[in-house]
Amino acid sequence: MSDSSPDRPVLDVWCELQCPDCRDALDDLRALRARYGDRLELRLRHFPLEKHQHSFAAAQAAEEAVEQGQGWAYVEAVLGRVEELDRRGEAFLVEVARELGLDAEEFDTALIDGRHILIVDADQAEGKAIGVTGTPTYVIDGERLDGGRSQEGLRERVEEIVDRLSAGQGR
């Protein structure tokens, strides 16, 4: 969901926008963004789960939000209201775009024409290849941290890794 920079650590966040555990992880992600700012790249990776009917459409909508320059704002808005996404589906995704001042008609069109399907499919395939089985899952410096089981201690572990990488200590 963003461009990589070789001189800063990258935290891949394997996420699903209909997932209550991913919503719970938002506080940790906000804290990491506040602590590190531009020194840590947070990269949203899509891992829609079959058990959530609207997760694939939500991942595509998130990519449209990236195209329109408000990826994280959109992700946070949708995750903050997962129950509403459960009930209302694609109409809710378009409504959130409108609320954020994005081009809602373009969202609707993107969901119909599937222009972001390849990105979502590629993320999901890569996630499966590296052993992601649920969301949220974090990958930083080759270490996979499963937040679907518990968020307990994950932010602290990510901070340890980022601090080590930032200090140039490597592995």
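The values are calculated or read from the model by the stated rules, or taken from the named source; none is laboratory data. If you're wondering where the values come from, they're calculated on a predicted model, not measured in any experiment. FYI the Cβ positions are ideal-geometry reconstructions off the backbone, even for glycines, and counts take in every protein chain you see.
Descriptive notes on the structure:
- Scanning segment 93-124 for residues that are surrounded by fewer than 20 Cβ atoms within 10 Å (Cβ to Cβ), in contact with a Lys or Arg (Cβ under 9 Å, 6 or more places away or on another chain) and more than 16 Å from Gly69 (Cα to Cα) yields Glu95, Thr109.
- Selection within segment 21-34: residues that are touching a residue at least 24 places away in the same chain (Cβ under 8 Å) and under 13 Å from Thr137 (Cα atoms). The member of this set that is surrounded by the fewest Cβ atoms within 10 Å (Cβ to Cβ) is Asp24.
- Being without any contact (Cβ under 8 Å) to a residue 60 or more places away in the chain, closer than 28 Å to Gly131 by Cα and in contact with a His (Cβ under 7 Å, 6 or more places away or on another chain) is not true of Glu50.
The rows are residues; the columns are (1) in contact with a Ser or Thr (Cβ under 9 Å, 6 or more places away or on another chain); (2) within 20 Å of Asp123 (Cβ to Cβ).
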position: Arg30; (1), (2): no, no
position: Leu49; (1), (2): yes, yes
position: Phe56; (1), (2): no, yes
position: Val78; (1), (2): no, yes
position: Val82; (1), (2): no, yes
position: Glu105; (1), (2): no, no
position: Thr109; (1), (2): no, no
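- Matching entry among Arg39, Arg30, Arg98, Arg23 (being at pLDDT below 95, among the basic types (Lys, Arg) and over 13 Å from the mean Cα position of the chain (by Cα)): Arg39
- Subset of segment 159-171 (residues that are modelled with pLDDT under 90 and of a type in the set (A, V, I, L, M, F, W, C)): Leu165, Ala167
- One residue alone among Gly37, Gly71 is touching a helix residue (DSSP H, G or I) at 6+ places or on another chain (Cβ under 9 Å) and under 25 Å from Ile140 (Cα atoms), and that residue is Gly71.
- Of all residues in segment 122-148, those satisfying the criterion of being of a type in the set (D, E, K, R) and out of contact with any helix residue (DSSP H, G or I) (no Cβ under 9 Å at 6 or more places or on another chain) are Glu126, Lys128, Arg144.
- Selection within segment 44-63: residues that are charged (D, E, K, R) and either farther than 23 Å from Val94 by Cα or more than 13 Å from the chain's Cα centre (by Cα) (or both). The member of this set that is surrounded by the most Cβ atoms within 10 Å (Cβ to Cβ) is Lys51.
- Residue within segment 136-148 that is of a type in the set (Ser, Thr, Tyr), surrounded by 19 or more Cβ atoms within 10 Å (Cβ to Cβ) and in contact with a Gly (Cβ under 7 Å, 6 or more places away or on another chain) present: yes
- Residue match in segment 69-79 (condition: surrounded by fewer than 19 Cβ atoms within 10 Å (Cβ to Cβ) and more than 22 Å from Arg155 (Cα to Cα)): yes
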